[in-house]
């Protein structure tokens, strides 16, 4: 099976690329190599005979037509996106152009290519999205997002992804393009660019910098290890029902403060500091504008219909992730050396 994966040099995309190649898929990785994408993320498979890389921006419709015409993929996994909520507050235009405009370009190019090839029945367009499109949940942990939850995005990032989800559904309903959709909870794991909570806290702690937590740290997220997510995406691609959406969660609800506290304890054990416990670095700062209180996924459809479940508990996943960052300084040191490392974004108001 020939897969074209957009955003395959990014965090989640590279995990999908690595897994797909090792499982025997032929993979064409299409990535623009923006600030958060790096070819070092896929070095382990870059020389594999089943792997190809094309540097391209999904905002370039003409180039997308050329790529699809050349490679004729059996499936497209669309992961290319601007993803950082704080950045979307400061510069929403980039999110509109890439997440909405880029998805439109890819859908339209895929539709044209699919029709020109006689509408092959085995073709799939799998759009990967986020649980943030659903908005914010109350503190009651009995209530979770399902695939039927009405959309209620509250940040420019979430709104751009909600828009792209609607476009994908429209291309299926209007034009018959065979699509799959999935909405995931918060990802973490190796190779995550250190603007997101877990790698930022790990690398800030190792640099003995403040571990800044928004508000009181009580915002809740459902944490999904990226390797579990990659496995789920390939499973949905093979087993999912055309036109159907699937929520992918880790079953690991934690507050931000709980996550940071767990990371501090892991580092205290694996790399103790002479300065004292890492928890001394925890610093509470003004909350982010429109900060959603809680996300949580109900994964029943994925579990019951497709028989998929995550393998990482939060404690095992944080241990695995922490060890990876401790053992792969060559990957992250150039990022930490940037003058804007740890700089706060998303304080427009």
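Taking every residue in the range 247-259 that is on the phi > 0 side of the Ramachandran plot and pairing it with any residue that is surrounded by fewer than 19 Cβ atoms within 10 Å (Cβ to Cβ) and in a loop (DSSP other than H, G, I, E, B), at least 6 positions away or on another chain, the pairs with Cβ-Cβ distances below 9 Å are 251/309; 251/313. Considering 89, 67, the condition of being closer than 24 Å to residue 290 by Cα and touching a residue at least 12 places away in the same chain (Cβ under 8 Å) is satisfied by 89 alone.
When residue 281 is tested against the conditions (1) surrounded by fewer than 14 Cβ atoms within 10 Å (Cβ to Cβ); (2) in contact (Cβ under 8 Å) with a residue 24 or more places away in the chain, the lone failure is (1). Within the range 300-313, one or more residues are modelled with pLDDT of 95 or more, closer than 30 Å to residue 182 by Cα, touching a helix residue (DSSP H, G or I) at 6+ places or on another chain (Cβ under 6 Å) and not in a loop (DSSP other than H, G, I, E, B).
Could you please find all residues in the range 41-59 being outside any helix (DSSP H, G or I), over 15 Å from residue 2 (Cβ atoms) and within 22 Å of the chain's Cα centre (by Cα)?
Residues of the range 41-59 outside any helix (DSSP H, G or I): 46-59.
From what is left, the residues that are over 15 Å from residue 2 (Cβ atoms) are 46-47, 55-59.
Scanning the range 41-59 gives 46, 55, 56, 57, 58, 59.
A Cβ distance below 6 Å, combined with a sequence gap of six or more or placement on separate chains, defines the contacts here; from the range 221-245, residues that are surrounded by fewer than 20 Cβ atoms within 10 Å (Cβ to Cβ) reach residues that are modelled with pLDDT of 95 or more in the pairs 235/308; 239/306; 242/178; 243/172.
Every residue, every condition in (1) farther than 24 Å from residue 184 by Cβ; (2) modelled with pLDDT under 95; (3) touching a strand residue (DSSP E or B) at 6+ places or on another chain (Cβ under 9 Å); (4) crowded, with 24+ Cβ neighbours inside 10 Å, yes or no:
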{"position": "5", "(1), (2), (3), (4)": "no, no, yes, yes"}
{"position": "9", "(1), (2), (3), (4)": "no, no, yes, yes"}
{"position": "20", "(1), (2), (3), (4)": "no, no, yes, yes"}
{"position": "27", "(1), (2), (3), (4)": "no, no, yes, yes"}
{"position": "30", "(1), (2), (3), (4)": "no, no, yes, yes"}
{"position": "36", "(1), (2), (3), (4)": "no, yes, no, no"}
{"position": "47", "(1), (2), (3), (4)": "yes, no, no, no"}
{"position": "52", "(1), (2), (3), (4)": "yes, no, yes, no"}
{"position": "66", "(1), (2), (3), (4)": "yes, no, no, no"}
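Each residue in the range 143-198 was checked for being surrounded by fewer than 20 Cβ atoms within 10 Å (Cβ to Cβ), touching a strand residue (DSSP E or B) at 6+ places or on another chain (Cβ under 9 Å), farther than 21 Å from residue 241 by Cβ and modelled with pLDDT of 95 or more, and 0 pass. Within the range 205-219, residues that are on the phi > 0 side of the Ramachandran plot reach partners that are modelled with pLDDT under 95 and part of a loop (DSSP other than H, G, I, E, B) with beta carbons closer than 6 Å, at six or more positions or on different chains, in the pairs 215/287. The one condition from (1) out of contact with any helix residue (DSSP H, G or I) (no Cβ under 6 Å at 6 or more places or on another chain); (2) within 27 Å of residue 287 (Cα to Cα); (3) at pLDDT 95 or above that residue 95 does not meet is (1).
The values are calculated or read from the model by the stated rules, or taken from the named source; none is laboratory data. Given the structure is predicted, the values throughout are model-derived calculations rather than measurements. With ideal geometry, Cβ positions are generated from the backbone for all residues, glycine too; neighbour counts draw on all protein chains shown.
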